[in-house]
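Here the structure is laid out as structure tokens; the discussion comes afterwards.
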Amino acid sequence: MKNIAAIALLSSIALVSCKKETAKITKVDPKTGKTVTVEVPADSVAKVAENPAIRDSAGIVTQTFKLEKGKTYPLTTYQRDVKTMTDPQGKSITATAESTDEMNFTVNDIKGNVYEMTLNLVSKRSSQSAQGKTVVVDTKQALPKEDDLKMIWNINKALTSNKLDMKMDTKGNVISITGFDAVYTKVTTALTPLIKDANERASVVASLKQSFNEKVLKDQFSKNLSIIPKKGVKVGEKWTTSENADPSGTIKVTSNYVLKSLGNGTAEIAVSGGIPKKTEKKAQGPITHSMSSELAQNGTIKFDESTGWITNQNINVKTTQIETISDGKQSQSMKSVSNSSVMVNPSAK
């Protein structure tokens, strides 16, 4: 009996020693849409800081930033557009455009709840492909041979390898970005051999200032870096934002967000929405001209639970436009379909 008892005891010890530790992850069940908590092996879960930047407190998830002095955080944006245009005879032409802006942020100091950072503008790349021909402008490569591309390369080259000073608080509010004047001067210098007329040079730089300034970058970073509402949300909860799609503000792009899951070191947010189909018609005598358009987006955004920093975004956007002219007896239509991929830190997907 003693031997049998000893064997039983050894068996129970073996079972206990083989039992793996587990960790809990909160997520939305894709089948039911309900929020569930599941157990996974602890060794499959990423290590999260004791006091994470994105955390769940009494069922409410909030996002802050917990960055480290001396560390550098990436923010590379990539967009790929594939546009197909179909004429009334059914003939199609497809063109592809790609653009990459590589930048990162180095934390120099932390004063209270404010990060003093250097925004490093690393490189820019763009390419266009159509009818079997591809042209590339890449600041990491040599000056293109084509004359019409040389100016773009020179401007992009002058823009990159620059540093801006940025202050951001721990809640993701960008307080200031400075250092633009030095960049504008560098671009002007790069343009001098290419554009002899001072007024023309000034016009090019003025155009650059419209798209590359403190307000534009602040808006970009506020959209990319801090997504979860300040008040916090529950896992599975939806919230919506909208922004103007045209200068008049009559057309709005709606973005619907859902906090899909929190755990394993990652907060994952699902994105949907777009612009509902809209048709405009104008008649002049027997001729009717109509234009319909719609936009649909869907994808995910992921943030590091410990630091609050964005690790990856992958959103697909489809835009459809159809232009039709009719005389009441027959009609002709031109169709344009654009499929875009909008990514942040694409190498992390």
Subject >> Pick from region 67-80, criterion open to solvent by 80 Å² or more (accessible area, probe 1.4 Å) and over 15 Å from the mean Cα position of the chain (by Cα), ranking: farthest from I269 (Cα to Cα) >> reply: K69
Subject >> So G172, is it open to solvent by less than 40 Å² (accessible area, probe 1.4 Å) and in contact with an Asp or Glu (Cβ under 6 Å, 6 or more places away or on another chain) >> reply: no
Original post:
How many residues are more than 22 Å from I175 (Cα to Cα) and of a type in the set (K, R) when one looks only at region 210-247?
Top reply: 2
Original post:
Right, E214: of a type in the set (D, E) and crowded, with 17+ Cβ neighbours inside 10 Å or not?
Top reply: no
Original post:
Would you pick out the residues in region 175-187 that are farther than 30 Å from N51 by Cβ and either open to solvent by less than 50 Å² (accessible area, probe 1.4 Å) or not β-branched (V, I, T) (or both)?
Top reply: G179, F180, D181, A182, V183, Y184, K186, V187
Original post:
Do we have T320 as among the polar types (S, T, N, Q), touching a residue at least 24 places away in the same chain (Cβ under 8 Å) and more than 30 Å from G232 (Cα to Cα) here?
Top reply: yes
Original post:
Pairs, please: C-beta under 6 Å, at least 6 apart or cross-chain, first residue open to solvent by 90 Å² or more (accessible area, probe 1.4 Å) and in region 127-142, second hydroxyl-bearing (S, T, Y)?
Top reply: K140/S123
Original post:
Are any of the residues in region 163-181 of a type in the set (F, W, Y), assigned to a helix (DSSP H, G or I) and touching a Pro at 6+ places or on another chain (Cβ under 7 Å)?
Top reply: no
Original post:
Any residue at all in region 272-285 that is over 18 Å from S340 (Cβ atoms), touching a residue at least 60 places away in the same chain (Cβ under 8 Å), of a type in the set (V, I, T) and surrounded by fewer than 20 Cβ atoms within 10 Å (Cβ to Cβ)?
Top reply: no
**OP:** Return yes or no: is L119 modelled with pLDDT of 95 or more and outside any strand (DSSP E or B)?
**Re:** no
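The values are calculated or read from the model by the stated rules, or taken from the named source; none is laboratory data. No experiment lies behind these values; they were computed from the predicted model shown. All Cβ positions, glycine included, derive from the backbone under ideal geometry; neighbour counts span all protein chains shown. Keep in mind that these areas ignore ligands, DNA and RNA; they rest on the heavy atoms of the full protein, side chains included. Shrake-Rupley method; radii C 1.70, N 1.55, O 1.52, S 1.80 Å.
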